[in-house]
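Asker: Here's a structure for you.
The values are calculated or read from the model by the stated rules, or taken from the named source; none is laboratory data. If you're wondering where the values come from, they're calculated on a predicted model, not measured in any experiment. Please note: Cβ atoms are built from the backbone with ideal geometry, for glycine as well, and neighbour counts cover all protein chains shown.
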Amino acid sequence: MTLKDKLTILADGAKYDASCSSSGSSRSNCDGTGNASISGICHSFSSDGRCISLLKILMTNCCIFDCKYCLNRKSNNIKRAIFSPEEICEITMNFYRRNYIEGLFLSSGIIKNPDYTMEKLIETIYLLRKKYNFHGYIHCKAIPGCSSYLLKKLGNLVDRLSANVELPTNKSLKLLAPNKDNKKVTNIMQTVRENKNKYFVPAGQSTQLIIGATTDTDYDIMKNSENLYQKYQLKRVFYSAYIPVNKDKMLPMLKTPPLKREHRLYQADWLLRYYHYKTSDLLTIDNQNLNILIDPKANWALNHLNEFPKEINKASYYELLKIPGIGPTSAKRIIKSRAYYPLELNDLKKMGVVLKRAKYFILCNGKYFMPSKYFQKQFIYTNLVLIDEEPKNNSSRQLSLFYENK
Amino acid sequence: MKTNNYIYLYDGSFSHLLNTIANLIKEQIKPLNIQNEITYQNDLFSTALKITNDTTDKLSYKIKKTNPYIYDLILCSYLSAEENKELIIYYFLLNAYKYGAKIIYMRKLKCVSKILEIAKYVHNEAHKMKGFLRFQELKSHFLFALVAPTNDILGFLSNHFQKRLPKEKWIIYDEKRKKMAIYYQNKIYITNIDIKNIKLLFSKDEKEMEQLWITFFETVAIKERKNYRCQRNFMPKKYWHNIIEMRDKIENNN
């Protein structure tokens with residue numbers, strides 16, 4: 001088997017992991033090759049529009065587990081391969097020097113047992129850091145069920161650690177991933193959280209959830225994410241629209257992956273992290289799924305229309321954040337600028353406010369931008385849905401969420 | 001302030017531009033235009049003149065020290081491909097002297113919103129090129145990259161790679177400006193040079209590595225999610241001819 005064949009097999013097995021970010025670490029170069037950029041750098045974009053910043057590969061696609069949704073499960077009859085530590089280091093260094101990549105993303109199937117797999121991963125990354133003197137970004141998967149000693153050893157070498165939750169409820173986990181145990185994943189998160197510092201997993205931890213493989217609702221998913229953010233201080237939860245790679249009677253047969261739903265979940269996730277929303281603001285027991293047609297923030301605003309329209313020149317930072325079309329950056333700019341002169345509709349555009357969304361919800365110096373009889377739920381709703389329907393906005397907004405440079 | 005019909009020339013350097021503008025502001029002159037003497041073309045209706053030969057960087061240093069953010073804005077516009085950048089800098093500085101540090105919040109002024117826009121564009125492009133630049137290994141073990149950015153961001157790029165690849169020796173060549181940054185033994189040298197029709201001798205591993213990368217690039221895409229429009233949005237076609245994995249795709253209309 002040539003190196004090229006191996007790379008094909010092991011990159012193919014890793015590609016369903018959505019995590020691509022290379023941000024959050026400012027590891028500097030000490031007499032070797034590479035450094036990390038705090039904002040992260042995207043080096044290329046594949047034909048699905050996702051950014052490529054890391055060499056995303058599996059150490060091996062052999063696995064003792066049999067998770068129903070996974071391409072690499074034990075019962076699948078596919079070509080198996082394994083990279084030696086030297087091979088991984090050589091490819092990483094050669095790609096990095098040529099500026100193809102920002103670093104390494106190393107995951108693996110589970111061979112023999114979790115501890116053995118972890119030792120192999122550590123061996124590889126130790127070699128890369130110490131012998132090859134590599135100071136670039138490394139994201140490594142932690143194998144659930146490994147000993148905490150190994151986890152701590154790995155954490156000292158990498159920039160980001162992650163363990164995938166995959167499914168939001170225990171019920172669906174039992175159904176689709178009988179060998180997996182939610183407890184083992186949260187144990188990893190707990191250990192990482194307790195030990196995190198400048199040298200131990202500096203870019204923090206992340207996880208991934210599969211969307212649409214089970215009957216779990218958006219409410220289950222968001223509650224789970226909210227819990228993870230609060231309890232383990234995760235940097236990111238990634239959502240991955242389920243793509244049927246295996247045939248199994250337990251799995252739904254989808255014609256197209258639920259990309260739109262994934263997109264809305266990412267938007268809701270952003271609201272949790274940057275806009276001070278809670279899951280309970282967006283979803284309730286009676287209304288367990290996000291509206292596919294409209295973004296969750298606009299949906300919230302429409303349900304609280306009595307709080308609008310907001311006066312741009314008076315609203316507080318937190319009130320500004322709740323206006324559709326205004327984000328943290330433009331809200332800060334508004335606050336700074338209005339100290340010097342009262343803002344008008346035209347000024348807002350220069351500050352990066354998305355006026356086609358915001359105009360329904362704001363007053364500038366007491367002026368509403370159109371006849372006030374149009375300030376009603378149905379009219380605004382229809383108009384906002386139509387904005388999202390435009391195909392151009394659709395695609396760019398959907399995937400812009402993977403582009404993490406902020 | 002008096003407006004006159006002169007076009008003021010500077011020698012193309014940042015410090016000479018700043019000194020010229022500072023002189024104009026001091027003399028309370030509103031120029032018709034300020035232009036680079038290298039690209040300036042004579043016309044019948046206006047007269048061109050140079051008012052100072054001061055090319056010291058005392059003033060730029062002073063601005064940098066008092067307000068690094070404003071310095072960055074001016075430097076970025078100087079590096080940008082914007083047509084009337086010199087006049088924009090002139091009006092921006094004129095207002096900056098008047099209003100002080102709070103100038104950056106006054107987007108109502110056209111020169112302020114414009115200069116912020118330009119600086120953002122230059123920084124964005126520099127950031128993107130840090131990712132899209134591709135080195136090729138030459139026989140002499142130099143790493144060689146061709147770039148063709150819209151703005152003059154060679155300085156940003158060489159600073160970035162000096163920190164990132166300090167042990168290598170590399171060359172970045174800006175095709176558009178015929179400018180080259182050479183990094184050799186911990187030093188960066190920037191020179192103007194035209195290297196048309198140069199033949200590059202690659203190291204023996206180079207082609208294999210490129211093939212390996214293209215394999216990875218094709219494999220990692222999920223075909224069920226394909227979205228060429230999104231790919232093009234993030235990675236504009238104007239850069240493709242220097243990106244190894246995209247070079248062959250320019251002809252295809254995807």
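Asker: Given the condition more than 7 Å from every other protein chain (Cβ to nearest Cβ) and not aliphatic (A, V, I, L, M), answer yes or no: does some residue in the stretch A:41-49 qualify?
Answerer: no
Asker: How about the stretch A:333-346: which of its residues are at the interface with chain B (Cβ under 7 Å from one of its Cβ atoms), more than 20 Å from A:Tyr318 (Cα to Cα) and not in a loop (DSSP other than H, G, I, E, B)?
Answerer: Within the stretch A:333-346, no residue meets the criteria.
Asker: Would you check which residues across the stretch B:212-224 are at the interface with chain A (Cβ under 7 Å from one of its Cβ atoms) and out of contact with any helix residue (DSSP H, G or I) (no Cβ under 7 Å at 6 or more places or on another chain) and list them?
Answerer: Hits for the stretch B:212-224 are B:Phe217, B:Ala221, B:Ile222, B:Glu224.
Asker: Considering only the stretch B:105-121, state which residues are aliphatic (A, V, I, L, M) and either more than 12 Å from chain A (Cβ to nearest Cβ) or surrounded by 19 or more Cβ atoms within 10 Å (Cβ to Cβ) (or both).
Answerer: Those that are aliphatic (A, V, I, L, M) and either more than 12 Å from chain A (Cβ to nearest Cβ) or surrounded by 19 or more Cβ atoms within 10 Å (Cβ to Cβ) (or both): B:Val112, B:Ile115, B:Leu116, B:Ile118, B:Ala119.
Asker: Additional query: Inside the stretch B:95-138, can you point out the residues that are in a loop (DSSP other than H, G, I, E, B) and under 24 Å from B:Ala81 (Cβ atoms)?
Answerer: B:Arg107, B:Leu109, B:Leu133, B:Arg134
Asker: On the given criteria, is A:Asn299 away from chain B (no Cβ under 14 Å), out of contact with any strand residue (DSSP E or B) (no Cβ under 7 Å at 6 or more places or on another chain) and not in a helix (DSSP H, G or I)?
Answerer: Details: away from chain B (no Cβ under 14 Å): yes; out of contact with any strand residue (DSSP E or B) (no Cβ under 7 Å at 6 or more places or on another chain): yes; not in a helix (DSSP H, G or I): no.
Taking the combined requirement at face value, the residue does not satisfy it.
Asker: If the requirement is being of a type in the set (A, V, I, L, M, F, W, C) and part of a helix (DSSP H, G or I), which of these qualifies: A:Leu290, A:Leu271? Step through it out loud before you land on a result.
Answerer: Working: A:Leu290 fails: part of a helix (DSSP H, G or I).
After applying the criteria, what remains is A:Leu271.
Asker: For the stretch B:69-83, check the following and say yes or no: at least one residue is among the charged types (D, E, K, R) and within 12 Å of chain A (Cβ to nearest Cβ).
Answerer: No: the stretch B:69-83 contains no residue that is among the charged types (D, E, K, R) and within 12 Å of chain A (Cβ to nearest Cβ).
Asker: Follow-up. Among the residues that make up the stretch A:199-217, is at least one of them in a helix (DSSP H, G or I) and buried (at least 19 other Cβ atoms within 10 Å of the Cβ)?
Answerer: Within the stretch A:199-217 (the criterion being in a helix (DSSP H, G or I) and buried (at least 19 other Cβ atoms within 10 Å of the Cβ)), the answer is no, since none of the residues qualifies.
Asker: Find all pairs meeting these conditions: Cβ atoms under 7 angstrom apart; at least six residues apart or on different chains; first residue within the stretch A:25-39 and more than 10 Å from chain B (Cβ to nearest Cβ) and outside any loop (DSSP other than H, G, I, E, B); second residue among the basic types (Lys, Arg) and surrounded by 14 or more Cβ atoms within 10 Å (Cβ to Cβ).
Answerer: Correct list of pairs: empty, since none qualify.
Asker: I've got another one for you. Residues that are in a helix (DSSP H, G or I) and over 24 Å from B:Ala126 (Cα atoms): does the stretch B:71-88 have at least one?
Answerer: Checked against the condition, which is being in a helix (DSSP H, G or I) and over 24 Å from B:Ala126 (Cα atoms), the stretch B:71-88 yields no hits at all.
Asker: Given the structure, is A:Tyr199 out of contact with any Lys or Arg (no Cβ under 6 Å at 6 or more places or on another chain) and modelled with pLDDT of 95 or more?
Answerer: Numbers: out of contact with any Lys or Arg (no Cβ under 6 Å at 6 or more places or on another chain): yes; modelled with pLDDT of 95 or more: no.
Answer is no for this residue.
Asker: With the checklist (1) in contact with a Ser or Thr (Cβ under 8 Å, 6 or more places away or on another chain); (2) more than 10 Å from chain A (Cβ to nearest Cβ) in hand, flag the one item B:Lys187 doesn't pass.
Answerer: Among (1) in contact with a Ser or Thr (Cβ under 8 Å, 6 or more places away or on another chain); (2) more than 10 Å from chain A (Cβ to nearest Cβ), B:Lys187 violates only (1).
Asker: B:Phe135 versus (1) at negative phi; (2) surrounded by fewer than 22 Cβ atoms within 10 Å (Cβ to Cβ): which is the lone unmet condition?
Answerer: Unmet condition: (2).
Asker: Being part of a loop (DSSP other than H, G, I, E, B) and modelled with pLDDT of 85 or more is the filter; apply it to the stretch A:370-401 and report the residue that is farthest from A:Tyr341 (Cα to Cα).
Answerer: If we take residues in the stretch A:370-401 being part of a loop (DSSP other than H, G, I, E, B) and modelled with pLDDT of 85 or more, then A:Gln376 is farthest from A:Tyr341 (Cα to Cα).
Asker: Follow-up question, since we're still on this one. Kindly indicate whether B:Ser13 is on the phi < 0 side of the Ramachandran plot, of a type in the set (S, T, N, Q) and within 26 Å of the chain's Cα centre (by Cα).
Answerer: Numbers: on the phi < 0 side of the Ramachandran plot: yes; of a type in the set (S, T, N, Q): yes; within 26 Å of the chain's Cα centre (by Cα): yes.
Against the criterion (on the phi < 0 side of the Ramachandran plot, of a type in the set (S, T, N, Q) and within 26 Å of the chain's Cα centre (by Cα)), B:Ser13 qualifies.
Asker: Being acidic (Asp, Glu), closer than 26 Å to A:Ile9 by Cβ and within 30 Å of the chain's Cα centre (by Cα) is the filter here; which residues of the stretch B:214-254 pass it?
Answerer: Once the filter is applied, which keeps residues that are acidic (Asp, Glu), closer than 26 Å to A:Ile9 by Cβ and within 30 Å of the chain's Cα centre (by Cα), the stretch B:214-254 yields B:Glu245, B:Asp248.
Asker: Of everything in the stretch B:229-254 that's surrounded by fewer than 16 Cβ atoms within 10 Å (Cβ to Cβ) and in contact (Cβ under 8 Å) with a residue 24 or more places away in the chain, which residue is nearest to the other protein chains (Cβ to nearest Cβ)?
Answerer: B:Asn254
Asker: Residues of the stretch B:58-67 being charged (D, E, K, R) and loosely packed, with under 15 Cβ neighbours inside 10 Å, which ones?
Answerer: B:Lys58, B:Lys62, B:Lys65
Asker: OK, next. Could you tell me which residue of the stretch A:247-287 is modelled with the highest pLDDT, considering only residues that are among the β-branched types (Val, Ile, Thr) and under 30 Å from A:Tyr318 (Cα atoms)?
Answerer: Ranking the candidates gives A:Thr279 first.
Asker: Related question: I want to confirm something. Restricting to the stretch B:158-202 and keeping residues that are surrounded by 13 or more Cβ atoms within 10 Å (Cβ to Cβ) and among the polar types (S, T, N, Q), which single residue is nearest to A:Phe134 (Cα to Cα)?
Answerer: The residue in question is B:Gln162.
Asker: Among the residues of the stretch A:72-82, are any within 14 Å of chain B (Cβ to nearest Cβ), surrounded by fewer than 21 Cβ atoms within 10 Å (Cβ to Cβ), touching a Lys or Arg at 6+ places or on another chain (Cβ under 9 Å) and in contact (Cβ under 8 Å) with a residue 24 or more places away in the chain?
Answerer: Yes, the stretch A:72-82 contains at least one residue that is within 14 Å of chain B (Cβ to nearest Cβ), surrounded by fewer than 21 Cβ atoms within 10 Å (Cβ to Cβ), touching a Lys or Arg at 6+ places or on another chain (Cβ under 9 Å) and in contact (Cβ under 8 Å) with a residue 24 or more places away in the chain.
Asker: How many residues are farther than 13 Å from A:Gln376 by Cβ and free of Cβ contacts under 8 Å to residues at least 40 places away in the same chain if we restrict to the stretch A:292-314?
Answerer: Within the stretch A:292-314, residues that are farther than 13 Å from A:Gln376 by Cβ and free of Cβ contacts under 8 Å to residues at least 40 places away in the same chain number 9.
Asker: Taking B:Asn4 as meeting all but one of (1) within 16 Å of B:Leu94 (Cβ to Cβ); (2) surrounded by 14 or more Cβ atoms within 10 Å (Cβ to Cβ); (3) free of Cβ contacts under 8 Å to residues at least 60 places away in the same chain, write down the number of the exception.
Answerer: That leaves (2) as the condition not met.
Asker: Sticking with this structure for a sec: From the residues in the stretch A:225-257 that are in contact (Cβ under 8 Å) with a residue 12 or more places away in the chain and among the β-branched types (Val, Ile, Thr), which one is nearest to the other protein chains (Cβ to nearest Cβ)?
Answerer: A:Ile243
Asker: Take the conditions touching a residue at least 60 places away in the same chain (Cβ under 8 Å), of a type in the set (Val, Ile, Thr) and either assigned by TED's automatic domain parsing to the domain that holds A:Pro144 or surrounded by 19 or more Cβ atoms within 10 Å (Cβ to Cβ) (or both) and apply them to A:Thr124. Does it pass?
Answerer: Judged against the criteria, A:Thr124 is a match.
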